[in-house]
Structure formats: C-alpha cells, structure tokens
Amino acid sequence: MDASLGPDQRANLVAKELTEDEELSLVSGYMGYSIAGFPGPAAPKGALGSAGFIPGIPRLGIPALEETDASLGVTNPLNARQGDYATPLPSGLATAATFDSRAAYAGGAMIGKEAWDKGFDVLLGPGANLTRDPRNGRNFEYLGEDPLLTGTLAGATIRGIQDQHVIATLKHFAVNDQETMRNWANSVIDEAAMRESDLLAFELAIDEGRPGAVMCSYNLVNGAWACDNKHLLTDVLKTDWGWPGFVMSDWGAVHDTSYALAGLDQESAASLDYKPFFRQPLKDAIANGTIPQSRLSDMVHRILRSMFAAGVVDHPPAPTAIDYKTDGDVAQQDAEEGIVLLKNKDGVLPFAANVKRIAIIGGYAANGVLSGGGSSQVIPSGHYITIPLGGTGFALFRTMIYDPSSPMAAIAALAPNASIRFDDGRYLSSAAKLAKWADIAIVFAGQWMTEGSDAPSLNLPDGQDALISAVAAANPKTVAVLETGGPVKMPWLDNVTAVLEAWYPGGRGGEAIANVLFGQVNPSGHLPITFPQDIAQEPRPVIPGSDLAELPFGVGGPPSGVKPFDVAYTEGAKVGYRWFAEKNLKPLFPFGFGLSYTTFGYTNLSVDGGKTLTVSFDVTNTGDRAGADVPQVYLISEAGQPQLRLIGFSRVRLAPGQTKHVSLTADPRLLADFDPAANEWAVAAGQYSISVSHSATDSALTGTASLEAATIKP
C-alpha cells in the first residue's frame, strides 16, 4: 500500500503473498448479472450487475474488478440494475467527426467518472477497429477508417477514463471488422498491411493512452483465434510494443486452456465458454507442467500492475452522487462538434428565427433521438422509447432505444413564434401534405445498427428513402437529418436542400441538432468515414459469411462440423479513402468532408524534412461567422511513389477574419512501410510530397521535402 512505489513493485509485493487459488481467482471472471434467458449461473456475491466481475482479495487490500460496458456510456444490460441510468455519449463516429482529442478526452473522463461513481473500476472501451465495411453493425462504436484519427482519439479517450481511476480496455484486438458470423470469421491479411492499418490504430492508441487492459476479439486472424493468437498477443502487443497491461478475452471467446500460452491473461465471463478454462483446467495444466507456473505469475502480475497504475487500489470506487446536468453538457458539446453538414444549397441553413411554418416529419423526432444497439447500449434517464425487435439468445439485446431528447421540442424552443406540426412519416401522402403546408420541411431518418449483425444494404430502412423523396417533391426547402450508424445511400440527394449527418447524437442530441439547424452552433464536423455511392465500390460488395446460417453466440467455439471461413482483406492497408484513391473511385462524400456556415482558407505553407515531416501553414476564417475548421495534411507521394495517407490534422476555432498558424509534425511510422522480415518500419530516402486539404479529395496547398533513410522498431 506504499503509493510511492511503482506499479510493478507494488504488484510484485502482492504476488509474493498470494496462494495459487488466489492467483487463479484473478484470471477467471464471471458474468456480473443474471437474466432469465441469458446463459450462465447467478451473478456472484458482490457483483453490481454489469458485464463482468472478478472477485477481490480483501485480506491484501485488492478490490474486486467490477467491469462495465462500454465506449458510449455506463451500460445497464437488460436493466440488471433496476432504475439505474447513465449519460449516453454520441456514437464513436460522432466523436471521430470532431477530429478533436479534447472532445474525446472529455467524453472518456465523463463516462469514466460516472462508472467510478456507480462503483465500477473497469470500463470495457474504447473500440479501435477500423471501418473496412460501411455495413458493419458496430461501426457506430468505433472511430472511423483511418488509423491516425482512430489511434489519436482512442488514446485520448483512454486517458480520460483512466484519469478517473478506472481501467480502460482497448478493444477488439484485432481485425474484427464485421459482425456477420464474427465467431467464425477468419480475417486474412498480410503482416505489413495489418501493421500499417488495423494494428497501427491500436499501436497509436496504446502509445497515447497506455490502457490497463486490451480485449481480444471473437474472430480468427490469419488462421488463429484472436484470443489464442501468440503473434498478436505476445509477439506484437507485449514484445514489440512493450505494453505491460493484461489481455482479457471477449465474452465467450475462449476455447481452450492453452490460450494462456498464447498470451491471454484473463478469461472473461467463463460461464459463456464451453467450460471455465482458467479455473480447475488451468490449475491442472500447471500441476502437470503443460503450462508453466511462470505464465500464471505473469498473468497475475499484469492484472495487479494495471490496478495499481490506474489507481484502482488507492482510489477504489464508491457510490457518489452524479451531476447528470454537467455530464449532459459534455455529451451535447460532443454531438454539436460531431454533426456534419453535407449539403447546404443556397445557404438555406441556418434557419431564420422568424420562420413561420415548420413541418417535422419522421424519425420519432417528436420524442427523441436514435441510439445504437448491443452491449454498448446506454439506458438514459427520462421517458425513453423502446422498440423490442424480438428473438432469443443474443437477440435479447435487439431493442431499439430513442434517447429522450426531442428535436421537435428543441426546435420549438428556438422558434417560439413558428407554427410547428409533426407527421410520423408512415404514410407518404400525409407527410407530403404537411410538407406542402410548411415554409420548411425537416425529415428525420434513422438507420438502427447493432452488435451481432451487419446491415444488408446501404439504403435507409423502412421506406425512408421514398419518404424523403416525397417530402422533397412537395417542398423545395426540405432538410434531411440523418441519425445513422454509418454511411447510407442518398438517392434523393439532388432533390433536398440540405443534409445533416447527426449520427447517434446521444443524450442531448435533440438540442444539438436544433442548435445547428438554427445557427446557435456553426457545424464543424468532418466525416471520419467515406460515404460510397454504392456498395459495388467497396472491396467486398457481398459480406463474407452472409450466405451461412447464423450460429449460436458464445458456446466456446464452432459446433462440431462447422468450419471458420475466410474474410480476405485484399485491400490490405488501403482502407476507406485510400481504397477509393487507389481505384480512382468517386465517393458520394469523401473522408474528411464537412461544410460550415463560414469559409476557411490556407496560406503560407512550409514543409521541412530530415528525420520526419513538419508542415506549417496559416488558417484564416474568410467568412462572416465564427467557426471551427479541421485542416488535414495528407502524404501524397512517398519517395516518388503515389500515396494517400493522413499524417496530421488540427481542429482550429477562428473568429471572422482571424488567422492562426498551425504546425504539425508527422509520426515517422506514417511515412514508413513496415518490413515484416526485419520486423521494423522503414523510411525510404527521397522526396515526400504532402497536401493541406479540406478533405481526402480536396487539396488546397501542396509542398515537398526530403527525408533521410531510417528504420524504426515497433
């Protein structure tokens, strides 16, 4: 308990006092709640009612690990803690759209503090999986398609969480980029491409945030289950990156005791596996020499070390009153910064405060805003809408929830003299009639996404494309507000006047949307993900495994006779905008795109070389309204070879006419190629060209500098 000692020293002192049974108790977890219809025994004594529980060792002052999902707020799975609620953050894509580390840190700190105040000391987030398929059901939990953006914001989120004395868990390691048949999907990708894309996102997040835990994923990677993948867990994560924390499994992802030899340190919710492999089976394996005692000692040391490093032992959580209003302010600011203005014909937005007649159509906009489903689902306060979709097993989680933040009420507050009418959008004729009456028609459209399944197409569900088209035909001033888990097709785009991508905007989403529509907030979000024109533009137009019957969740691996199938990532490291550039494809909206109610210009570019690139330039607000811009720096040529890779970005807030100087220095790994044979990054000597851009397809300034040859150990 001497806080002046380092976390490794303190972990060693505890380890010397542990019995073998106490060691084993730290490496095998329990479900933290018990619900009829969900597998597993009753929750153990002391569990608060959450995703997972690891008993403590009271005689040595080691508290229990109370684990709660997830990246978007403190969850209450299936209402296990009756009446408990939390503040929902906007989706991960909304946070990514801010391109703002400060927003990511603030969100992480908010949910970390709420977790601590509720008695939890492990938060199962953030997620850092790259968007390789726009239909992935969990894209909304993650931070987009670019490793630099994802790694930077995930790292900031981790710091925010762990500054509250809560262990952050970076997940899902690794290359877990689809939900379809996720337990049996084998992600096939070559080493260099993996290091330069998915693994780079994790590496950058670990460098920035130093998470106490990493969660391995359900899928296989190059033929080995992710939680039994020695290359990933031991060679890369623990050896190459020198990461000192512990690896926990995803729930139901352990298939054998031997996973300990690959580098897995803790079996989560062992009742979801075929058997609790890290209890008696692990004890037997140590006794017969199959698994060395030193491996168990290392597993225990890593867990204890993370508990000390995050402050879990010195600052154990205690029930504390939560300031939900202040936390709601954090969620609202995140949403406001992350909303992306995709179209604004003739400057129809922002709306004038004296608008007379407003039609609000569809999307449950009179009641609330949509949120994503699955283990990250947050139960909000107030009268929220639930729509159970039915089913058994994991389908128990298939319930749509609308956070009780009414866009209609928020719009009414900003337009007190307007006549506002609502139509639910079920009948096109009724919606069109109301739109024709109005001066302005606002159509709210939603795309519910969830863990456990991918979207079958990029079209809006439930006939909403037809609804938007019908409203636009009836009113030339139609604005579409999208609450989606990712990109969608827009067959009506040419017919509407404006489009807002609001993502899943969180607990104050209605207010955030209204503030952007009426100019109380100048939109400044930029797309963290490419919007394709059609799924045919993507590397895999048909989702691998979608022709197979879905198999049970968990249960310790494939049933007898079921074989994993390959998901071939032939695009390699060229994810998202890099794929579109490689294939010369024109997206519907490019990565990094976002409009504002003002304009920005870039001048005075300077590019310096040597060991890395330092890019400096001025950003000027050339319009008449204060706003924030996100200049992006892309590598466009690497030692004479064409290239497109984001190597820097900055969020800059400016008053009208104001100029700020921006200087960005690239991480050398973003200028390098990974050499698997040498197990190092290699920077080739030569000329490197960059662009300062408004998006991945809109270059404003270009420059060149020379780099020296260099190698970098991972």
message: Report the Cα-based extents of the chain along its three principal axes, largest first, to the nearest Å.
response: 78, 62, 54
field: Taking region 570-714 and dividing mean pair separation by its residue count, relative contact order in percent (alpha carbons under 8 Å, at least six apart)
entry: 25
task: For region 630-714, state what percent of all Cα-Cα pairs lands in each successive 10 Å bin, counting from 0 Å until the bin that includes the largest distance.
output: 16, 44, 27, 10, 2, 0
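Kirkwood Rh over Cα pairs of region 126-249 into Stokes-Einstein at 37 °C, 0.692 mPa s: D in µm²/s?
Values: Rh = 14.1 Å.
D, rounded to a whole number, is 232 µm²/s.
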Degrees separating the helix 428-437 axis from the principal Cα axis of the chain, which is the longest one: 50
- prompt: When ranked by the protection proxy of mean other Cβ atoms within 10 Å per residue, highest first, what sequence do the peptides 313-326, 568-581 form?
  reply: 568-581, 313-326
- prompt: How many percent of DSSP beta bridges within the chain run antiparallel, rounded to 5?
  reply: 60
- request: Provide the gained length on full extension for the span Phe422 to Lys583, in nm with one decimal, where the gain is 0.36 nm per separating residue minus the Cα-Cα distance.
  value: 53.5 nm
message: Could you order the peptides 501-507, 131-137 from most to least packed, using the average number of other C-beta atoms within 10 Å per residue?
response: 501-507, 131-137
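To the nearest 20 debye, what charge dipole does region 45-150 have about its Cα centre, counting +1 at the Cβ of each Lys and Arg and -1 at the Cβ of each Asp and Glu?
Values: 9 positive and 12 negative charges, 47 e Å.
The dipole of region 45-150 has a size of about 220 debye.
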- prompt: Roughly what would the spin-label model give for Ala413 and Ala700, points 7 Å off Cα along C-beta, in nm?
  reply: 3.3
statement: From DSSP H assignment alone, runs of 4+ in the chain each adding -39500 (n - 2.57), the sum over residues rounded to the nearest 500 puts [θ] at 222 nm at -7000 deg cm²/dmol
query: Once you charge only the Cβ atoms, +1 for Lys and Arg and -1 for Asp and Glu, what is the size of the charge dipole of region 70-228 about its Cα centre, to the nearest 20 debye?
result: 440
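If you take every DSSP beta bridge fully contained in region 442-600, what fraction is antiparallel? Give it as a percent rounded to 5.
Beta bridges within region 442-600, antiparallel portion: roughly 10 percent.
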field: Ratio of the Cα radius of gyration of region 168-239 to 2.2 N^0.38 Å, where N counts its residues
entry: 1.03
statement: Note to self: C-alpha centroids of region 204-248 and region 347-390 sit apart, in Å, by 38
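Taking only protein heavy atoms and a 1.4 Å probe, what accessible area per residue, in Å², does the chain have with all protein chains in place?
Numbers: 24330 Å² over 714 residues.
Value returned for the chain: 34 Å² of accessible area per residue.
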- request: Place the peptides 488-494, 200-206 in order of packing, highest mean first, counting for every residue the other Cβ atoms within 10 Å and averaging per peptide.
  value: 200-206, 488-494
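In percent, what relative contact order does the chain have, based on Cα pairs under 8 Å that are 6 or more apart in sequence?
Numbers: 1865 pairs, mean separation 104.5, N = 714.
It comes to 15 percent, rounded to a whole number.
Can you pull out the trypsin sites (Lys or Arg not before Pro) in region 381-444 that DSSP calls coil and that have at most 16 other Cβ atoms within 10 Å? Walk me through the numbers on the way to the answer.
Numbers: sites: Arg398, Arg421, Arg426, Lys433, Lys436; in loops: Arg398, Arg426.
Taking region 381-444 and a limit of 16 other Cβ atoms within 10 Å, the loop trypsin sites (Lys or Arg not before Pro) found are Arg426.
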task: For region 590-651, divide the Cα radius of gyration by the Kirkwood radius and give the resulting Rg/Rh value with two decimals.
output: 1.02
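Carbon and sulfur: what percent of region 177-319's accessible surface (1.4 Å probe)?
Working: 2030 of 3890 Å².
Reported share for carbon and sulfur atoms: 52 percent.
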- request: With a 1.4 Å probe and every protein chain left in place, tell me how much accessible area Arg10 has, in Å² to the nearest 10.
  value: 10
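The values are calculated or read from the model by the stated rules, or taken from the named source; none is laboratory data. No experiment lies behind these values; they were computed from the predicted model shown. Counting neighbours? That spans all protein chains shown, and the Cβs are built from the backbone with ideal geometry, glycine included. Quick note on the areas: whole protein, heavy atoms, side chains included, nothing else; ligands and nucleic acids left out. Shrake-Rupley method; radii C 1.70, N 1.55, O 1.52, S 1.80 Å.
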